[in-house]
Structures are given as C-alpha cells and as structure tokens.
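Right, one structure below, let's go through it.
Just so it is clear, none of the values below were taken in a lab; they were calculated from the coordinates. Just so you know, these numbers come straight off a predicted model, no measurement behind them. Note that we place each Cβ from the backbone using ideal geometry, even for glycine, and neighbour counts take in every protein chain shown.
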Amino acid sequence: MQNYRRDFPIFTHTHYINSCAYGALSHQVEASYGAYLSCRNARGADWMGWVERHERVRERFAQLVGAKTDEMAVTTSASAALSSLISSFDFSGKRNRVVTTDQAFPTEAQNWHAQTARGGDVVHAREQDDGQLDLEHLAELVDERTLLVAVPLVCYRHGALNDIAAICKIAHDAGALMLVDGYQGLGAVPFDVRDLDVDFAIGGALKYLLGSAGIGFLYVREVLIESLYPLQTGWFAQADIHAMKIHANEPAPNARRFEQGTPSVPALYAAEAGLDYVLNVGVASIRAHVMALNAALKKGVVALGGSLASPVKDTHHGPMVAIRSTDDHQLVAALEAEHIITSCRDGNLRVSAHFYNNMDDIEVVLAALEKNRTLLA
Ligand SMILES: Cc1ncc(COP(=O)(O)O)c(C=O)c1O
C-alpha cells in the first residue's frame, strides 16, 4: 500500500486509528471545504453548481455499492434515509414483521420500534458468544409474516462482519425484503448490492469514506422504487424540483423520491472529495491492507494476555477490532495521553485501521496496551 499519510495532517502528531468513529481529514477534503467557502465569498450562492455536486455525490455512492445512479438517494444522515424508506412501508397487512438484530445500531432499531405504533411487529435475531449473528435463530424468525430483514454489514460494537448473501437468501426464500446498514464497513469492505442481492442499503460519508457529518444515502433496488410512496417527503423528492407545485405531491420516478429538503451543501463538498479518495485507493486493496494490520494487532493483544470481543477469524470481522477492557473509557484516555486516538463502546476498546494506518501504528498501540495491561480484560 502506497504511503498516503502525507495527505492526512493528523499523522504529523498523532496515531489516529479511529475511522469507525470518524475518518481522518485529508488535505483534499479540507481543500474542498475551502472551495465551498470561496464560492460563498465569491458568489454568495451557486445553487446550480450545488445541485450538480449533489448529483456527483449520488454517482459516487452508486459506484461504491455497485448500484445505478437512479437507485440512490442522497440524504442528510443514515437515519433520514431509513425513516424516509420506512415511511413508504405498510404495516397493516399480513406482512408486518421486521426482523432486526441485536447488532443493530440504535438508530436502526429505534426506527423499527417506532413502527409498532403503525402495526409493526419487531423482533431481534440474537448473536452468539463469538459475536457472530446466530443465523439459525434469524431463520426461525423469518416467515410468511416477515416484511423485511435488517442487518448491519459490520456491527458497531465489536466489528463482526455479516454474511449478507446468506442472510439475503433466508429473507428472499420467505418472500421478505432485505436491508443492510453498511455504515461500519463501506469504504473498507467490498460491498456490491447486485452480487449480494440486497434490496435496500443505508450508510453515510463520515467514517471510512472520509467525508463529513451531514451526508447519508439510501439504495433502493430499481424494481421496487415505483411501488414505494414515501410519506416523509419534500421538494427535493419531487419529479421536478423546479416545478414548485403546491397542490400535489409528485415523487420522482427514481430513488430521489426518498430525499427531502435542502441538502447539507458544505458536507457535499467533503463527501465528494472523500469518496473520490477512497474510490481511487480501491476498496479491495484497503480491505487486504487493513486485514494484515488487524492480524498483527490481534496476535499482539492475545500475546499480552488480552482478549477480543471481535470474532477472531480475519474474514469474520470488518475493519474494526474490539478489545475487552476492565474500563474502556479509561483505556481510551490512557491511549490518548500517548497520542493514540481510538474509541470505545460496550466495555470494549475499538481500534479501527484504514489504508492510512501502518504497522508502526499497530506497534505503538500494542506498546501502549502493554503499559496499560491492567485495563485489559
Ligand atoms: C452502523 C451505523 N449505522 C448508523 C450510524 C449513524 O447514522 P446517522 O447518519 O443517522 O447518524 C452509525 C454511526 O456510528 C453506525 O455505526
């Protein structure tokens, strides 16, 4: 892997290994934010240019997940993408069940549980002790009552990577739809909606895609779009944004119907530059590079007498490795004192490498963990 670190100023003073929380800021993204401010100073407003940028971000998200541009909505968060999609579902019929999982990011599960007010029946597939989803349990929950199965690509707590193709098959065999929350993997784990046979996917730009807060996306399989009528809508979702009609709601024929109001314009600048960077490096080579770093990290943790909350096998977890701790917040603070930035959830330290990390970062993390051995569980 080429040395990309010179594009990321944070590495001049810090071992940043926390892309599961926020990607590192590149010169390119910073320059793109600068271009937004220059545009504001020069012209005040450039709505035509900003709408074009919105379309370029849509194209790049589509390229990232192997979808058509018309299958992508660009939203202000993954939550906005999900709630717009959900507003088009009907929970009053025979298929009112949503099978989510105990690995769901809160915003995903909360959005499903909110549907119980509309007749939804929400159940959770559990995970096994090794962090992997219990697919037998999931299959037991999926039946002729199931509208949709929702799983994360990678769990935000411990990094387990799900077998999306296998879960899609379980869903589709029962006539149910399948949604993937790709946020914790996209940009670091190859993900192709056609190869995997996914119906819906959500995600956002700020983690491994190196963009910023304020941008999410929704992928909707083309054949499903016209049958879905979002009740949560707005002028950017209309067939003709410029028509300014106030006596009718006319949703766009493509996935743009799941958008709502004014996009987060500064975040579009960051998202475009971040996506360009990641697409240029290539997700398959990112995956290979990060797997090699993580193999060394996991070996080192075990050698120190620590234990992993992530599944042990390299192919069973995404870019993040979760390490059990007796006090995860104290461990994050102890590492920060050594200029190492990580994060924690659920009692575990999360170390999340990307293409800009190297073996030196791993060695520095392991040396700091050795110093703080008493905080390893
Ligand atoms: C798996 C997953 N989904 C969703 C989100 C957040 O989504 P939103 O863009 O709605 O804040 C996160 C953020 O950490 C996440 O890890």
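Straight-line reach from Lys207: which aspartates and glutamates have Cα under 18 Å away, leaving out those fewer than 8 places along the same chain?
Correct list for Lys207: Asp7, Glu30, Glu108, Asp181, Glu272, Asp276.
Taking a label point 7 Å from the Cα of Asp90 along the Cα→Cβ vector, which residues of the stretch 173-187 have an amide N closer than 18 Å to it?
Within reach of a label on Asp90, which here means backbone N under 18 Å from a point 7 Å along Cα→Cβ, the stretch 173-187 contributes 175-177.
Give me the extension gain from Arg118 to Glu30: residue separation times 0.36 nm, minus the current Cα-Cα distance, reported in nm with one decimal.
Details: separation 88, 0.36 × 88 = 31.68 nm, distance 4.36 nm.
Extra length from Arg118 to Glu30 when fully extended: 27.3 nm.
When the helices in the chain are scored as -39500 (n - 2.57) per DSSP H run of 4 or longer and the sum is shared across all residues, what 222 nm value do you end up with, to the nearest 500 deg cm²/dmol?
Details: 12 runs with 140 residues, N = 377.
Estimated from H runs of four or more residues: -11500 deg cm²/dmol.
With no solvent and one equal point scatterer placed on each C-alpha of the chain, evaluate the Debye formula and give log10 I(q)/I(0) for q = 0.15 Å⁻¹, two decimals.
-1.31
So if I place +1 on the C-beta of Lys and Arg and -1 on the C-beta of Asp and Glu, and nothing else carries charge, what would the dipole magnitude of the stretch 127-183 be about its Cα centre? I want it in debye, nearest 20.
Values: 3 positive and 11 negative charges, 59 e Å.
The calculation lands at about 280 debye.
Give the relative contact order (percent, whole number) for the stretch 29-278; include only Cα pairs under 8 Å separated by 6+ residues.
On the way: 504 pairs, mean separation 65.7, N = 250.
Relative contact order comes out at 26 percent.
Once you put a point 7 Å from the Cα of Glu222 and another 7 Å from the Cα of Asp360, both along the Cβ direction, what distance in nm separates them?
Here the modelled spin labels are 4.7 nm apart.
Which order do the peptides 286-294, 332-340 take when ranked by the mean count of other beta-carbon atoms within 10 Å per residue, highest first? Write down the numbers at each step before the final one.
On the way: 286-294: 19.7, 332-340: 16.6.
Sorting 286-294, 332-340 by mean packing, highest first, produces 286-294, 332-340.
Taking the Cα centre of the stretch 310-370 as origin and charging only Cβ (+1 Lys, Arg; -1 Asp, Glu), how large is the dipole, in debye to the nearest 20? Present the calculation step by step, with values, prior to reporting the outcome.
Details: 4 positive and 10 negative charges, 64 e Å.
Rounded to the nearest 20 debye, it is 300 debye.
Assign unit charges at the C-beta atoms only (+1 for Lys and Arg, -1 for Asp and Glu), then state the dipole size of the chain relative to its Cα centre in Debye, rounded to the nearest 20.
Numbers: 32 positive and 44 negative charges, 116 e Å.
About 560 debye.
Relative to the present Cα-Cα distance, how much length would full extension add between Gln63 and His13 at 0.36 nm per residue of separation? If you can, show how the numbers build up before the last one.
Details: separation 50, 0.36 × 50 = 18.00 nm, distance 3.38 nm.
Gain in length upon complete extension: 14.6 nm.
What trypsin sites (Lys or Arg not before Pro) does the stretch 192-263 have in DSSP loop regions with at most 12 other beta carbons within 10 Å?
Within the stretch 192-263, the qualifying trypsin sites (Lys or Arg not before Pro) (loop, at most 12 other Cβ atoms within 10 Å) are Lys245.
Looking only at the stretch 268-291, which residues have a backbone nitrogen under 14 Å from a spot 7 Å from the Cα of Asp192 in the C-beta direction?
The answer is 283-285, whose backbone nitrogens lie closer than 14 Å to the label point.
Of Ile170, Pro263, Val123, which is farthest along the charge dipole of the chain in the positive direction, counting Lys and Arg as +1 and Asp and Glu as -1 at C-beta?
Of the candidates, Pro263 comes out farthest on the positive side.
In the stretch 29-278, what % of DSSP beta bridges are antiparallel (nearest 5)?
Details: 12 of 28 bridges.
Here the antiparallel bridges make up roughly 45 percent for the stretch 29-278.
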